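**Q** Please find one structure pasted underneath; my questions will follow.
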Amino acid sequence: MNNTNKDFITRWFTEVWNNSNPAVMDEMLHPDVKVHGVGETFTGANIFKDFYDDFRKVYSNLKFDIEKMISEGDEIAALVNVSGIHTATGKQVHFSGVTIAKIEDGVLTSGWNYFDFLGLSKQVGNLEPEQLRK
């Protein structure tokens with residue numbers, strides 16, 4: 001495994017998400033980072049920061065645990081388990097997902113995110129099981 005990529009993605013989840021330190025994004029994200037899988041595809045570190053702020057308002061006490069990482073070249077995939085609290089209801093939530101990051105010259109230039117947001121919506125009551133059968 002490319003230890004540089006492993007260290008990078010570990011730092012990303014530890015500092016940005018677990019330690020609630022968004023200032024680290026300024027050194028870790030390319031200004032024109034391309035992000036997929038968090039609602040819509042968008043370009044720009046500032047747009048990701050807006051997503052981050054909005055997500056942290058809805059979910060607090062977030063803990064991202066990396067279960068497995070696979071790295072090849074300038075890309076790394078991480079299987080992640082997430083827990084937190086839905087702020088509006090106080091419900092504990094758990095979901096998992098995979099993120100694939102392209103890291104070039106020490107910054108994240110592209111990210112693909114495949115998290116179980118459907119299951120997360122179900123846990124907080126935004127989606128009822130009957131809706132899935134329609």
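The values are calculated or read from the model by the stated rules, or taken from the named source; none is laboratory data. Computed from a prediction, not measured in an experiment: that's the story for all the values here. As a convention, Cβ positions derive from the backbone with ideal geometry for all residues, glycine included, and neighbour counts pool all protein chains shown. Just the protein is used for accessible areas: all its heavy atoms, side chains included, with ligands, DNA and RNA removed. Shrake-Rupley method; radii C 1.70, N 1.55, O 1.52, S 1.80 Å.
**Q** Identify the single condition in (1) in contact with a strand residue (DSSP E or B) (Cβ under 6 Å, 6 or more places away or on another chain); (2) surrounded by fewer than 17 Cβ atoms within 10 Å (Cβ to Cβ); (3) closer than 22 Å to N21 by Cα that H86 does not satisfy, given that it satisfies every other one.
**A** Answer for H86: the failing condition is (2).
**Q** Could you tell me whether any residue of segment 37-44 is open to solvent by 50 Å² or more (accessible area, probe 1.4 Å), modelled with pLDDT under 95 and either farther than 24 Å from E27 by Cα or of a type in the set (G, A, S) (or both)?
**A** yes
**Q** Ok, one more. Under the condition of being within 15 Å of the chain's Cα centre (by Cα) and either open to solvent by 30 Å² or more (accessible area, probe 1.4 Å) or of a type in the set (D, E) (or both), which residue from segment 100-114 is nearest to I66 (Cα to Cα)?
**A** I100
**Q** Further question on the same structure: Just to check your reading of the model, which residue among F51, F64 is surrounded by 14 or more Cβ atoms within 10 Å (Cβ to Cβ) and at pLDDT below 95?
**A** Details: F64 fails: at pLDDT below 95.
Unique residue meeting the criteria: F51.
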